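One structure is given below, encoded as structure tokens.
The values are calculated or read from the model by the stated rules, or taken from the named source; none is laboratory data. Not measured: the values here are computed from a predicted model. Every residue, glycine among them, receives a Cβ derived from its backbone with ideal geometry; neighbour counts consider all protein chains shown. Side chains included, ligands, DNA and RNA excluded: accessible areas come from the protein's heavy atoms. Shrake-Rupley method; radii C 1.70, N 1.55, O 1.52, S 1.80 Å.
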Amino acid sequence: MKNTYLNTLNGKPVGSDKTFESLNPATGESLGSVPISTQQQVADAIAAARAAQPAWAARPDAERKALMMKVAEVIKANAPYLADWVTREQGKPLGGLGPDQVPGARFELWGCEVWTQVPASLDLPVELAFEDDTRRDEVHRKPFGVVAAVAPWNWPLLIAIWQIIPSIRVGNTVVLKPSEYTSIGTLELVRLINEVLPAGVVNTVSGPGEVGAWLTGDPGIDKVMFTGSGPTGAKIAQAAAKNLVPVTLELGGNDAAIMLPDADPKAMAMGLFWGAFINMGQTCAAAKRLYVPENLFEPTVQALKELAEMMPMGDGLKDGMVMGPIQNKMQYDKVVDLVDSARQQGGTVVCGGKPAGGPGYFYPLTLVTGLKDGDRLVDEEQFGPVLPIIKYRTVDEAIASANRLDAGLGASVWSTDVEKAKQVASRIQAGTVWINQHGMIHPMVPFGGVKGSGYGVEFGLDGLKAVTQPQVISVKK
């Protein structure tokens, strides 16, 4: 009989009368049961966070920083256990540990550790806004109170950490809802870090979308952090607006990568490949459409095809796997539909393009040429292991193509002339534009989207400020 994995509410394990199964996307097997939180349990979790918040915020900053470092130690000590859950539940292979290794589940846990340590090392000192002979005006950063966090299924532990750690670092408390597709690993992460945190500082509620709606629409919430789809983000923003609650929304993207005519396809192929296919393309800031000039088109396609065809794909718990399954059937069906649509709209499938068959949601790495702006695979975020490669004539045309969609999370420019690339980058409408790399986020560098990719930033000092509100103290001299 499979285990039931419980929520953490005020430091204690809590179940529910109703549960659902978490499934392994590589095999289809049930991994265990997860509680479906009731509306009362959501209210109880918010109440626990509310009760714990004043004492947590009143702790000396050095104490909270020290506890963050203890959380990082807990994550490191339990990384093998948690990485195993990520692979079994999300699908990404175990892979390596550091930034230079295959970016799988071990990489995700390494990221959890680092993204805990960095906020713990940062300070938000009092800022002097103005001073003269008559007055002194200081800006102090204050926590909001209770943060509602809704995490996605693609990097389930890492993105949960991005939401939890900055929030509690500055004196907020948190109620987290994990994705219903990847709940167990997240519930276990929160259970473990509660071993060193005071009760009520981080709580969880699990279940389907309605649980998230109860959480984010509750008047007891002071700030909402959400990573996920645009339509769900819009609903959350609408619910939060009724209570005048600020939100940070990271709503995915349809990132354009532009190769300039002087780029080197062979030298840049590996960077382009991982920019597009990290986590089977199931990454908000992955390259989702690649624009290539006519003079480089064939060598670029060939270099990416060679890489795509050599990457081992299978159950991520098996040795040597580099690629895993798509995480869930809904996303798998979307990928299949978009590739079928690409064929109907005149696209050429260079490699992949056919479901693998057998158990699990495996779909081969797929490159598609012959498409243009307006075709579905170009215009709709595929969030899977498929990359359309689009030919362009002038750089101005490529920039216009990159900017024409509502998405604006990330983008990249590839060139042997960095100054030229920076000029192009400045014309692209995206929260981050990388040069000769893609998706390379860093815990000290602000990250967020524009247009339909959301608003607000995470990471670094700007990310810490985003989970605080300014209070001005003005003194008459």
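Some points to look at:
- Dipole size of the stretch 347-397 about its Cα centre, with +1 on Lys/Arg Cβ and -1 on Asp/Glu Cβ: approximately 300 debye, rounded to the nearest 20.
- Dipole of the chain [Lys/Arg +1, Asp/Glu -1 at C-beta], most positive-end residue of P156, Y5, M330: Y5
- Relative contact order for the stretch 12-133, counting Cα pairs under 8 Å that sit 6 or more residues apart, in percent: 21 percent
- Relative to the Cα centre, the charge distribution of the stretch 237-306, modelled as +1 at Lys and Arg Cβ and -1 at Asp and Glu Cβ, gives a dipole magnitude of about 360 debye.
- Acute angle (nearest 10 degrees) that the helix 265-277 long axis makes with the longest principal axis of the chain, alpha-carbon atoms: 50 degrees
- Rounded to the nearest 10 degrees, the inclination of helix 156-169 to the longest alpha-carbon principal axis of the chain is 30 degrees.
- Inter-part distance where the stretch 276-345 and the stretch 1-22 are each reduced to a Cα centre, Å: 35 Å
- Ordering G460, N194, A52 by the projection of their Cα atoms onto the charge dipole of the chain, which places +1 on the Cβ of Lys and Arg and -1 on the Cβ of Asp and Glu, puts A52 at the extreme positive end.
- Of the trypsin sites (Lys or Arg not before Pro) found in the stretch 1-77, those that fall in a DSSP loop while having at most 13 other beta-carbon atoms within 10 Å are K2, K18.
- Expressed as a whole percent, the accessible area of the chain that falls on carbon and sulfur atoms is 55 (1.4 Å probe).
- Note on the stretch 1-157: semi-axes of the ellipsoid equivalent to its C-alpha gyration tensor, largest first and rounded to whole Å, are 37, 23, 13.
- Cβ-based net charge around A269, under 14 Å, with every Lys or Arg adding one and every Asp or Glu removing one: -2
- The stretch 190-287: Cα Rg divided by the 2.2 N^0.38 Å rule of thumb: 1.53
- Based on Cα contacts under 8 Å between residues 6+ apart, the stretch 348-477 shows a relative contact order of 15 percent.
- The residues of the stretch 30-158 present an accessible area of 41 Å² per residue when probed at 1.4 Å with all protein chains retained.
- Sparse packing (at most 14 other Cβ atoms within 10 Å of the Cβ) combined with a DSSP loop state is found for the following trypsin sites (Lys or Arg not before Pro) in the stretch 257-340: K318.
- DSSP beta bridges fully contained in the chain are about 40 percent antiparallel.
- Solvent-accessible area per residue for the stretch 293-357 (1.4 angstrom probe, square angstrom): 49 Å²
- Given charges at beta-carbon only (K, R positive; D, E negative), |dipole| of the chain in Debye: 700 debye
- Solvent exposure of the stretch 412-477, expressed per residue, is 52 Å² of accessible area, with all protein chains present and a 1.4 angstrom probe.
- Only Cα sites of the chain enter the Debye sum here, all with the same form factor; the resulting log10 I(q)/I(0) across q = 0.08, 0.10, 0.11 1/Å is -0.48, -0.74, -0.89, listed in q order.
- Principal-axis tilt of helix 105-121 within the chain, Cα atoms, nearest 10 degrees: 40 degrees
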